[in-house]
Structures are given as C-alpha cells and as structure tokens.
Amino acid sequence: MTSQAIGYIDSGIGGITVAREALRQLPHEVVYYVGDTARMPYGPRPKEEVLKYTWEMVDFLVKKDIKMLVIACNTATAAALPDLRAKLDIPVIGVIAPGVRGALRATNNKKIGVIATAGTVKSEAYAKALEHKDNAVRVSQLACPEFVQIVEANQSDSPAAATLIADKLAYFADKDIDTLVLGCTHFPLLDQTIGKVMGEKVTLVNSGAVAIENVSAMLDELNISNSDPINRAKDEYYTTGDVTAFHTLASRWLNNDDLNVQHLAMTSTGLKLED
C-alpha cells in the first residue's frame, strides 16, 4: 500500500498550496489532486450541496486506490469531514484542526483572527474549535470571498488586489490580534500582501502547511510511508473547469511546467474522466 498516491481535493485551485507543501515535505509521496473549479466557490453554497460535490471528488479518487485523503479546502472540511471519516476506510485529514493547533501555538495574547470563505465563517468551525481548546481565546472572524476571486483570476500581485486586501483587513485594526489564521487554502498565495497589511506583530498561520505535518505523522504512525524515490510524472491533477487555465496557475505555483492536468466531466453519476 505504501506506493499508492495521497488524494487531495479542493473547490478550486487554492488547494494547490497544500499540494505544494506536500511536495516539499513529502517528496516520496505521489499526488493525485482534484479541483472542482467549474463549481467554485463553495463558500456561498448550502452545506448539503458542498457535501454532495465533495463526495463526487472523493468517489473519483477512491476508485483510483488512494491510501489517504486530504481535504485541502476549509469549506469542504467544515461540511464533510465527519461524514467522510465515518464512511471511508482510509485516513482522512482536514485543514481546520491543524490550523487551530497552529494558531494556539502561535498566539501570546489569545486574540486570534480568522479569514475564510463565507461558508467556513458561517459554520464557526474555527471559532468553536479554538474556544473549545482554550476558553480564554477570543476569536474575530472575517469572510473574504473576494480573496478567492483574486487568486483564481491570477491577480494576486496586482495593485488593485493589494488595495482590496488592505481595505478588507482594516476590520482587524481595533481587534488587537497577534495571530491570523489563513482559513482558506487560496489565501497563502496572498500571504506577502496580507503580512504587510497586518504587520510584523501578527503571525500568519497557514492551516494547509500544518495539515501536511499531520499527514507526515500519520503516514509514519500507520507505517504507510513510501520511502522509494518517485518520478513526479506519476502525479495527476484533475479539474472540472478549464484545463489550460488550471495548468497555467498550478504550474506557476508549483514551479513545474510539465504537470499532467486532465479534465473531469460532471455527469449524473459523478465525475468522469473525459475521453
């Protein structure tokens, strides 16, 4: 079982930030990634719809015999993690619990900010988990769906994006937070701008990066790590949207122009590899 791939799912391309961490931290593990870019963003969607779409991605990857699943999407983690863990016979890791642990390690004054999609903020998954772990913690949440749109439009470095981010994050000016959780896997692609806006006294927590630390630990604990060198050509990337647009962004973020990106068709019986 050790040579099998680890599957990653996301509502779009933001989960590539998690895959990037996996490639860095787990260079011997094969990556299978599915991004549901045709139906993103998941944030404004009802929980039942997010759950349905998440299962469609999972079913596709399970048929490819993955050994572990990483939900590289905060909205899908909040909506689907308990159901996936209850029904799958492979390990499933989300990004919220690792982000919570990372934030609690980082904070000194116990005032923590969370930026995420509308769906994640509405679920209060981060706030409830943080306060459950430490009832002295005070959490300030902010939905930032515009940040997802900036990343998906490949406008992360634009002056307009910098202005929008600064205006949006002004919400935290009087909150006295010392830690900010990037509660959407798109947001680490904006971390330089977010960091400048928040200032040196605020620590940014990349929940996806912490999640991969958990993946590494679980691989070792279950004795399913792959120790043999692999050819990165074995990695597979799938999108329900435009293959060219996905390839352009993903190859840029992963610094690899040779990504194997294929299209998945949305059918009445789930996601199917397009002929």
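The values are calculated or read from the model by the stated rules, or taken from the named source; none is laboratory data. Computed from a prediction, not measured in an experiment: that's the story for all the values here. Glycine gets a Cβ as well: all are built from the backbone with ideal geometry, and neighbour counts include every protein chain shown. For accessibility, only protein heavy atoms count, side chains too; no ligands or nucleic acids. Shrake-Rupley method; radii C 1.70, N 1.55, O 1.52, S 1.80 Å.
Structure above, values below:
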{"item": "Qualifying positions in the stretch 206-219 - touching a residue at least 40 places away in the same chain (Cβ under 8 Å) and not polar (S, T, N, Q)", "result": "GLY208, ALA209, VAL210, ALA211, ILE212, GLU213, VAL215, MET218, LEU219"}
{"item": "Residue list for the stretch 151-176, filter: open to solvent by less than 20 Å² (accessible area, probe 1.4 Å) and of a type in the set (A, V, I, L, M)", "result": "VAL151, ALA161, ILE165, LEU169"}
{"item": "Residue list for the stretch 2-37, filter: in a helix (DSSP H, G or I), β-branched (Val, Ile, Thr) and over 17 Å from GLY241 (Cβ atoms)", "result": "THR17, VAL18"}
{"item": "Test: residue in the stretch 196-213 that is farther than 29 Å from LYS168 by Cβ and buried (at least 21 other Cβ atoms within 10 Å of the Cβ)", "result": "no"}
{"item": "2 or more residues under 19 Å from PRO41 (Cα atoms) and in contact (Cβ under 8 Å) with a residue 60 or more places away in the chain: qualifying helices (runs of 4 or more DSSP H) within the stretch 133-205", "result": "145-152"}
{"item": "Test: LYS110 is closer than 26 Å to GLY270 by Cβ and basic (Lys, Arg)", "result": "no"}
{"item": "Those residues of the stretch 124-139 which are within 23 Å of the chain's Cα centre (by Cα) and open to solvent by 40 Å² or more (accessible area, probe 1.4 Å), in sequence order", "result": "GLU124, LYS128, GLU131, HIS132, LYS133"}
{"item": "Test for GLY208: is it in a helix (DSSP H, G or I) and under 19 Å from ILE16 (Cβ atoms)", "result": "yes"}
{"item": "Members of the stretch 243-265 that are touching a helix residue (DSSP H, G or I) at 6+ places or on another chain (Cβ under 8 Å) and touching a residue at least 40 places away in the same chain (Cβ under 8 Å)", "result": "LEU249, ALA250, TRP253, LEU254, LEU264"}
{"item": "Those residues of the stretch 8-30 which are buried (at least 24 other Cβ atoms within 10 Å of the Cβ) and either more than 21 Å from ARG252 (Cα to Cα) or hydrophobic (A, V, I, L, M, F, W, C) (or both), in sequence order", "result": "ILE9, ILE13, ILE16, VAL18, ALA19, ALA22"}
{"item": "Of all residues in the stretch 240-275 being touching a Leu at 6+ places or on another chain (Cβ under 7 Å) and polar (S, T, N, Q), the one that is modelled with the lowest pLDDT", "result": "SER251"}
{"item": "Subset of the stretch 249-275 [surrounded by 12 or more Cβ atoms within 10 Å (Cβ to Cβ), within 19 Å of the chain's Cα centre (by Cα) and over 16 Å from TYR32 (Cβ atoms)]", "result": "LEU249, SER251, ARG252, TRP253"}
{"item": "Pair list, Cβ < 6 Å and 6+ apart or interchain, from the stretch 220-242 residues that are under 15 Å from MET68 (Cβ atoms) and open to solvent by less than 90 Å² (accessible area, probe 1.4 Å) to residues that are modelled with pLDDT under 90 and aliphatic (A, V, I, L, M)", "result": "ILE224/MET1"}
